[in-house]
Amino acid sequence: MAAKTTYIKNRSLDRILKNNADFSYTFPATVYAALFTADPTDSGSLTNEVTGGSYARQSITWGTISNGSIANSAAVTFPVATASWGTITHVGICDLGSAGNMMYHGALGTSKTVGTGDQVSFAIGALTVSET
């Protein structure tokens, strides 16, 4: 996952390069993985996020930053689907457990069709954000 959303690009530039004292951004204490059935693009659109069937965003625990990259240090496991979630093609990292803002997004290496009784899980190290 390598793409920043426009939201986070603008927040970063405003704070880091302009040192905007009026800039107000509350850093989230927890960030969440969200699943999508289409590319949310840099706009961070939540339109194609999975809904229903016991779907809920899941918190991410991060490891150590190294060489401009960070990866999840614990598995990220979604609830068992109680209805079809469709074909998952993308994952996003959001600042709230629902609604809120997407910060990063990326395509899955392989799409996954999720039906009733299926479960999506990302192993340790499977979700990586890189600033390089």
In Å, the C-alpha Rg and Dmax of the chain are 15.1, 50
Can you give the direction-averaged projected area of the convex hull of the alpha-carbon atoms in segment 83-132, in nm²? 4.5 nm²
Sulfur and carbon atoms: percent of accessible area, segment 1-70 [1.4 Å]: 49 percent
Can you tell me the orientation of helix 6-16 relative to the chain, as the angle in degrees between its alpha-carbon axis and the longest Cα principal axis, to the nearest 10? 30 degrees
Cα centre as origin, Lys/Arg/Asp/Glu Cβ charges: the chain dipole, Debye: 140 debye
Mean accessible surface per residue for the chain, computed with a 1.4 Å probe while every protein chain stays in place, in Å²: 53 Å²
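The values are calculated or read from the model by the stated rules, or taken from the named source; none is laboratory data. As the structure is a computational prediction, the values presented were derived from the model and not from experiment. Note that we place each Cβ from the backbone using ideal geometry, even for glycine, and neighbour counts take in every protein chain shown. When the accessible area is computed, the model is the full protein with side chains, heavy atoms only, and any ligands, DNA or RNA have been set aside. Shrake-Rupley method; radii C 1.70, N 1.55, O 1.52, S 1.80 Å.
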